[in-house]
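**Q** Structure provided below as structure tokens; questions to follow.
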Amino acid sequence: MLNVLITGASGMLGATLVNELKTNFNIFATGNSTYKEQHTQYMKFDLKYDSYEELINWSNPDIIVHSGALTDGNFCEENPNLAFDINGISLHKFLNATSNDVKIIYISTDAVFPSSLHLAKESDSVLPENVYGKSKELGEFFLNTSVNRNYTIVRTTIVGLNINQNKSGFVEWIINSVKENKEFGLFTDVLFTPISIWNLAEEIKFLIETDNINKETLHIGGELCTKYQFGMKLIESLNLSSKKVFKTLISSMGDRAGRSNDQSLNSCYYQKHYHRKLLNLDQTILNIKKHYELN
């Protein structure tokens with residue numbers, strides 16, 4: 001059984017990857033904090049450490065799924081050195097700490113692209129507009145310039161629910177705002193292609209099981225929609241009230257870090273080349289609803 005090291009395992013995607021992959025692989029999980037629901041083989045580890053020797057000796061990985069990251073755009077803008085260290089230089093450290101036999105799947109982002117691109121393809125030139133995107137571009141650079149290393153860069157935009165009860169994301173913010181009867185706005189001018197964390201975990205599992213980690217970049221996302229459309233569909237699916245929801249524009253949020261209005265990714269290459277069918281928006285919403293009702 002393959003040893004798979006998953007970083008960011010205290011976060012939304014990382015914790016879900018652990019749960020979804022632990023039946024098929026020998027999972028070692030690491031995150032920057034401990035939490036009640038964590039995996040049995042779990043090491044608290046800070047990716048800004050200079051040496052990764054302890055982590056690698058403990059996990060002895062065949063594959064590293066690097067989902068650990070600082071994703072808060074405003075925090076990254078305020079702490080650029082830390083963002084570059086965690087999101088980018090960590091790849092350099094993993095490459096130095098492991099042999100060329102260790103394969104890497106790196107979870108990157110749509111934020112490496114500029115606002116001018118719609119449904120960005122893998123072949124399009126990157127031009128990030130904020131520190132978060134630039135730090136992820138740096139991580140991609142280290143992999144793309146590595147020698148004799150098999151890797152896959154996965155650009156994506158995830159939605160889902162946190163297993164770690166200490167954390168909360170976009171979906172939980174929407175649900176909690178409605179339940180608390182708060183008035184809140186959703187962007188009508190921001191396009192994205194969201195994929196659920198459970199669907200993405202299935203695709204990561206597929207890539208590992210079929211040994212398709214082939215020095216390439218893949219876009220793995222969902223159906224195009226606005227943040228407003230996504231939120232309204234989610235609220236409707238859960239039979240919640242949308243009376244306090246209003247339409248707003250990202251341009252009106254002056255205190256936010258620079259973020260592209262068009263965060264969309266084109267996943268046609270991945271689906272065609274690997275004969276995979278990704279979920280549409282309605283299916284993604286149903287996926288979230290199913291896991292919400294299970295909690």
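The values are calculated or read from the model by the stated rules, or taken from the named source; none is laboratory data. As the structure is a computational prediction, the values presented were derived from the model and not from experiment. Every residue, glycine among them, receives a Cβ derived from its backbone with ideal geometry; neighbour counts consider all protein chains shown.
**Q** In region 256-295, what residues are among the basic types (Lys, Arg) and outside any helix (DSSP H, G or I)?
**A** ARG256, ARG259, ARG276, LYS277
**Q** Another question, if that's okay. May I ask you to verify whether LEU127 is modelled with pLDDT of 95 or more and either touching a Pro at 6+ places or on another chain (Cβ under 6 Å) or part of a loop (DSSP other than H, G, I, E, B) (or both)?
**A** So LEU127 passes the test.
**Q** Only residues that are closer than 14 Å to THR98 by Cα and of a type in the set (S, T, N, Q): list them for region 52-73, please.
**A** Once the filter is applied, which keeps residues that are closer than 14 Å to THR98 by Cα and of a type in the set (S, T, N, Q), region 52-73 yields ASN57, SER59, ASN60.
**Q** I'd like the full set of residues that are over 13 Å from GLU202 (Cα atoms) and not polar (S, T, N, Q), limited to region 275-289.
**A** HIS275, LEU281, ASP282, ILE285, LEU286, ILE288, LYS289
**Q** Out of LEU13, LEU2, LEU82, LEU95, I need the residue that is crowded, with 22+ Cβ neighbours inside 10 Å and in contact (Cβ under 8 Å) with a residue 24 or more places away in the chain. Which one?
**A** Result: LEU13 is the single residue among LEU13, LEU2, LEU82, LEU95 that is crowded, with 22+ Cβ neighbours inside 10 Å and in contact (Cβ under 8 Å) with a residue 24 or more places away in the chain.
**Q** Are there strands (runs of 3 or more DSSP E) fully within region 1-117 with at least 1 residues that are closer than 16 Å to TYR151 by Cβ and under 14 Å from the mean Cα position of the chain (by Cα)? List them.
**A** Answer list for region 1-117: 3-7, 63-66, 103-109.
**Q** Sticking with this one: Quick check on region 239-250. Is at least one of its residues in contact (Cβ under 8 Å) with a residue 12 or more places away in the chain, outside any helix (DSSP H, G or I), closer than 20 Å to ILE105 by Cβ and not assigned by TED's automatic domain parsing to the domain that holds HIS118?
**A** no
**Q** Let me ask another. Here is a list: LEU286, LEU240, LEU294. Which entry is loosely packed, with under 13 Cβ neighbours inside 10 Å and of a type in the set (A, V, I, L, M, F, W, C)?
**A** Just a single option satisfies the conditions, and that option is LEU294.
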